[in-house]
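The values are calculated or read from the model by the stated rules, or taken from the named source; none is laboratory data. Since we're looking at a predicted model, the values are computed, not measured. Positions of Cβ are generated from backbone atoms using ideal geometry, with glycine treated the same way; all protein chains shown enter the neighbour counts.
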Amino acid sequence: MNIVIAAVSVSAQLSGVSRHAANVARCLLTRPDVAAVHLLVAPWQVESFREAISRSDARLHLHSVHIQPGTLARNLWYYMDLPAIASQLEADVVHLSYPMPLRREAFHCPTVVTLHDLYPYDIPENFGFPKVIFNRLVLWQCLRSADAIACVSDSTLRQLGMKAGRPLVEKAVRIYNSVESSSSLGLRNPMPQWNGEPFFFCVAQHRRNKNLLLTLRVFARLLHEKKIHPTTLLVIVGIDGPETPKIQHLIRTSGLSERVVLLSGIRDTEMQWCYKHCQLLLAPSIVEGFGLPVAEGLLAGSRIVCSDIPAFRELGGEDGCTYVPLTSSAEELFMDAICTVLAENRRKPSTLPQLSAPLIAAEYMRLYRQILGTRTSSSRQRHLSSRTAVQKSHLS
């Protein structure tokens, strides 16, 4: 099977969505029945994706497409250019790594879209007004046009069921992100200034749903009340976003400039180093579709303090994480949970077989074959109907 994965984005740095696209490509290459995987990215994404996939396989083709920077150019590329590229590459299936404008009638093959979340509805503050209106329109246009929807968690699938009609739910399926443990060999420290200080780790784009302002307030109080070692650092890895000015302002006004390290665009080997060396992983999100950092933290054996939301419960189970409800006293609850967890031994790495590459690849291939069969049957039916209509016209 010849599969095209569209992962064109405006950012050169890998986000959770970009890493999902790289992981899909990597897991599909474990299948002997995959003839080729064509991964379409913007010129500024090529190096990040090449590093993220880090696999040499003649079947993998990383294409740098011609596109101008900017959100409008990206939307137009998906709507106008992607169908022609898919045809040129003789794709059997086109897989959009996240919802974008989709011109279904222009594709010669079926299309799949990965649905990570429904943030335009669940957390409109991520986008602001009026951008959130456009994001909602694009979301529904894409979901209606795609032949299948791959939700990254049962939590996301349930959210879709609550907000969408039956036709969309019937073509949706849950397929987890592919996440596997990494070897300790070759891991690199992303902080040249680090001198062995203890540190908390947080992986989060600077968006409202990640709740980074709460993280910073909790960390400041722990230091001020001398509940953690005074040299402790808070390392936050994530792309800048709407919350960046507020985050930077709080760091300055709380006297955290020497204690908070903001990083972005670090390699997977550097990310894994942080998971394995941090005192604990903090994930206080308001809402998530999947929770990639929690999955990676579990696989690395990190102690995890996270918000009590469905996506995290789905990954961590009953005892994989320490869950904190997002109530009016969330700051105090997070502080108590952190102090309790710091007194515990580091956890053994989890296995999470449900996220393994071979299993996820098999689920995607099952979905691809299903929609190929459905599209073929529909085409055959249209052909028969057309031929019947022609025959009737000749008889009349």
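Does the range 295-322 hold any residues that are without any contact (Cβ under 8 Å) to a residue 24 or more places away in the chain, crowded, with 20+ Cβ neighbours inside 10 Å and either of a type in the set (D, E, K, R) or over 19 Å from P353 (Cα atoms) (or both), and which are they?
Within the range 295-322, no residue meets the criteria.
How about the range 1-101: which helices (runs of 4 or more DSSP H) wholly inside it have at least 1 residues that are of a type in the set (S, T, Y) and closer than 20 Å to L115 by Cβ?
By residue number, 16-28, 71-76.
Kindly indicate whether P167 is more than 23 Å from N209 (Cα to Cα) and part of a loop (DSSP other than H, G, I, E, B).
So P167 fails the test.
Please work out if L333 is closer than 14 Å to V218 by Cβ, out of contact with any Cys (no Cβ under 7 Å at 6 or more places or on another chain) and assigned to a loop (DSSP other than H, G, I, E, B).
Taking the combined requirement at face value, the residue does not satisfy it.
Just name the residue that is modelled with the highest pLDDT out of those in the range 149-186 that are loosely packed, with under 14 Cβ neighbours inside 10 Å and closer than 30 Å to C274 by Cα.
Here the residue is D154.
Working only within the range 109-125, note down all residues that are in contact (Cβ under 8 Å) with a residue 40 or more places away in the chain, assigned to a helix (DSSP H, G or I) and crowded, with 20+ Cβ neighbours inside 10 Å.
Of everything in the range 109-125, just one residue is in contact (Cβ under 8 Å) with a residue 40 or more places away in the chain, assigned to a helix (DSSP H, G or I) and crowded, with 20+ Cβ neighbours inside 10 Å, namely Y119.
May I ask you to list the residues in the range 23-59 that are modelled with pLDDT of 95 or more, surrounded by 19 or more Cβ atoms within 10 Å (Cβ to Cβ) and among the small types (G, A, S)?
Scanning the range 23-59 gives A25, A36, A42.
Which residues, taken from the range 247-281, are more than 24 Å from the chain's Cα centre (by Cα) and within 24 Å of A337 (Cβ to Cβ)?
Of everything in the range 247-281, those that are more than 24 Å from the chain's Cα centre (by Cα) and within 24 Å of A337 (Cβ to Cβ) turn out to be L250, I251, S254, G255, L256, R259, V260, Q279.
Yes/no per residue for (1) outside any strand (DSSP E or B); (2) surrounded by fewer than 20 Cβ atoms within 10 Å (Cβ to Cβ); (3) modelled with pLDDT under 95:
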{"residue": "I236", "(1), (2), (3)": "no, no, no"}
{"residue": "H249", "(1), (2), (3)": "yes, yes, no"}
{"residue": "R252", "(1), (2), (3)": "yes, yes, no"}
{"residue": "G255", "(1), (2), (3)": "yes, yes, no"}
{"residue": "L262", "(1), (2), (3)": "no, yes, no"}
{"residue": "Q272", "(1), (2), (3)": "yes, no, yes"}
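Among (1) under 17 Å from the mean Cα position of the chain (by Cα); (2) under 20 Å from A295 (Cα atoms), there is one condition L139 misses while meeting the rest; what is its number?
The number of the failed condition is (2).
Would you check if P101 is surrounded by 17 or more Cβ atoms within 10 Å (Cβ to Cβ), in contact with a Leu (Cβ under 9 Å, 6 or more places away or on another chain) and without any contact (Cβ under 8 Å) to a residue 24 or more places away in the chain?
no
Return yes when V179 is assigned to a loop (DSSP other than H, G, I, E, B), within 23 Å of the chain's Cα centre (by Cα) and closer than 24 Å to D117 by Cβ and no when it is not.
yes
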